[in-house]
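Below is one structure, written out as structure tokens, with a few remarks after it.
The values are calculated or read from the model by the stated rules, or taken from the named source; none is laboratory data. A quick note: this is a predicted structure, and the numbers were derived from the prediction, not measured. Positions of Cβ are generated from backbone atoms using ideal geometry, with glycine treated the same way; all protein chains shown enter the neighbour counts.
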Amino acid sequence: MKSWLIPMAAGFGAGILSAWGVGGGTLLLLVMTLILGVPQQQAAAVNLLYFLPTAAMGVIAHKRNGLLETEVLKSAIPWGAAAAVGGALLAMFQSSIQANTFTSTMTYEILLIVVIGGIGSITGSILGSFLYIACSEWWLRFLDDPMPYIGVSVPFMRGGFRMLVFSVVIMIVVLFFRKGIMGDREFSWDGIINFFGKLFKKKDKPAKEVASK
């Protein structure tokens, strides 16, 4: 009897705590790992699966009570889903996630990405992350290679020189783009269509003036 009674009671209690917003996942994880002897990774997977229907019922209840902000959901859900996929891929390729992976250096890198892209722009953060990784790992990698180019050996091109050049690039971006590359602007198809529409209108005006003359 205990084999199904304890899990049922734990699920019932976690559901009530989740409805109150207290955090039933903590209770569910503790019961599964400490009492039922479930391995930590399996307990985390069960916990995530458990909260899928719980979250769905919460969304329905909040929508009926008029507590959902549609505009916030439109911007939060896609980027939250993208971040979840990124975390899942990180765990899959590294086989495990440890706290020592997320050092203070990574914190500074994230802050730098946000500053480069634009503090008030999600699109800017994505663009900044691409530019940061591309410059530090791909485009400037040849600067660490001491091999001669066109028969000329450059003495200062050695390990670590790319980070010096990358620092200069960051300073240039900060000097000329005080609010970041995107600032507080966001990527939108309407903005792109309007931009090219205005561009073509400007080109059409001189042609019409010439034709009228």
Being over 21 Å from M92 (Cβ atoms), modelled with pLDDT of 80 or more and of a type in the set (S, T, N, Q) is the filter here; which residues of the stretch 21-58 pass it?
T33
Test L68 against the criterion of being over 24 Å from Q98 (Cα atoms) and modelled with pLDDT of 75 or more, and give yes or no.
yes
Given the structure, is G86 surrounded by fewer than 13 Cβ atoms within 10 Å (Cβ to Cβ), of a type outside the set (A, V, I, L, M), modelled with pLDDT of 80 or more and more than 25 Å from R185 (Cβ to Cβ)?
no
Name the residue, out of S18, S75, S3, that is farther than 28 Å from T123 by Cβ, surrounded by 11 or more Cβ atoms within 10 Å (Cβ to Cβ) and at pLDDT below 75.
S18
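Matching residues to (1) at pLDDT below 70; (2) within 30 Å of A84 (Cβ to Cβ):
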{"position": "I119", "(1), (2)": "no, yes"}
{"position": "S125", "(1), (2)": "no, yes"}
{"position": "L140", "(1), (2)": "no, no"}
{"position": "L175", "(1), (2)": "no, no"}
{"position": "E186", "(1), (2)": "no, yes"}
{"position": "K205", "(1), (2)": "yes, no"}
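So that you can scan it fast, the table gives a plain yes or no per residue for (1) in contact (Cβ under 8 Å) with a residue 24 or more places away in the chain; (2) under 26 Å from the mean Cα position of the chain (by Cα):
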| residue | (1), (2) |
| --- | --- |
| L36 | yes, no |
| Q42 | no, yes |
| L49 | no, yes |
| L52 | no, yes |
| A55 | no, yes |
| K63 | no, no |
| G66 | no, no |
| E71 | no, yes |
| S75 | yes, yes |
Among the residues of the stretch 61-120, count how many are closer than 30 Å to Q41 by Cα and not polar (S, T, N, Q).
26
